[in-house]
Amino acid sequence: MDKRLFFPATQRNRKSIEGVLYKIIKKNGSILEIGSGSGEHGVFFQKRFPKIVWQTSDPASIHRESISSWIDYEKLNKKMPQPLMIDVEKIPWKIPLKLIYSLQGIISINMIHVAPWSCTEALFRESGKLLNKGRFLILYGPFKIDNKHTSQSNYFFDNSLKMQNSLWGIRNLEEVSDEGKKNSFFQQEIINMPANNFLIIYRKDSN
Ligand SMILES: C[S@@+](CC[C@H](N)C(=O)[O-])C[C@H]1O[C@@H](n2cnc3c(N)ncnc32)[C@H](O)[C@@H]1O
């Protein structure tokens, strides 16, 4: 049965994210995506970077079913593994050893503001354990800079998130990067992305 979900934002942001990934991703190895949602990013990036293995994950079964349906629909079954059940707070993450050995980096798109702050803490903590020196953790989404919104639309978006769940909300980049530091990640680059989003590249600076 076709269980594909369609998240319209993925159509809008995937090309610009791809443009950054092109400069970062090495030819071989694997990438772990946290909070993959519908799976539309996953199959898109798997097709764009055919030599690597794109490993999706999500805690919600409806999302994992959608990801599997997208993998089927795009005929990527031979190349792309099935999504993992990863809730960043449920540790340790259950990840195949093969994936750990080949892991280039971890990416999470539009997740940390749609989850409690404890998820940001858990994401850095577990990524810090999994990734070796020099490997990356990439975050994409809206951020506050110096505790200020970067646009009025982000301010309204933040309020709407908090109305849905008081623990959600757009994060302050400095606090996110401090969490990185606690887990041996330095903030390598902040890239301005369309629609008032940022892509932040963190690198592990020790084992
Ligand atoms: C706004 S959606 C973004 C989905 C996708 N990355 C995208 O950009 O379309 C947020 C995603 O974060 C996932 N998520 C929420 N809490 C999480 C957690 N504790 N651990 C991992 N993922 C989580 C949700 O299931 C959802 O798929």
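Laid out as a table, the results:
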{"quantity": "Long-range amide H partners of Phe185 with built H, under 5 Å", "calculated": "Asp205"}
{"quantity": "Segments 28-36, 164-172 sorted - mean Cβ within 10 Å per residue, highest first", "calculated": "28-36, 164-172"}
{"quantity": "Bridge type composition, the chain - antiparallel percent by DSSP, nearest 5", "calculated": "50"}
{"quantity": "Gyration tensor (alpha-carbon) shape descriptor, the stretch 4-65, a/c threshold 1.5", "calculated": "oblate"}
{"quantity": "Long-range amide H partners of Ser57 with built H, under 5 Å", "calculated": "Glu33, Gly35, Ser36, Leu84"}
{"quantity": "Residue-averaged [θ]222 nm for the chain, counting only DSSP H segments that reach four residues, each worth -39500 (n - 2.57)", "calculated": "-12000 deg cm²/dmol"}
{"quantity": "Set Lys51/Lys94; Lys3/Lys144; Lys94/Lys144 screened for pairs whose C-alpha atoms are more than 27 Å apart", "calculated": "Lys3/Lys144; Lys94/Lys144"}
{"quantity": "Distance between the stretch 151-198 and the stretch 6-74 - C-alpha centres, whole angstrom", "calculated": "21"}
{"quantity": "Exposure proxy order (Cβ contacts within 10 Å, fewest to most) of Met80, Met1", "calculated": "Met1, Met80"}
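Read the figures in this text as sums done on the coordinates, not as results from a lab. Source: prediction; values computed, not measured. Please note: Cβ atoms are built from the backbone with ideal geometry, for glycine as well, and neighbour counts cover all protein chains shown.
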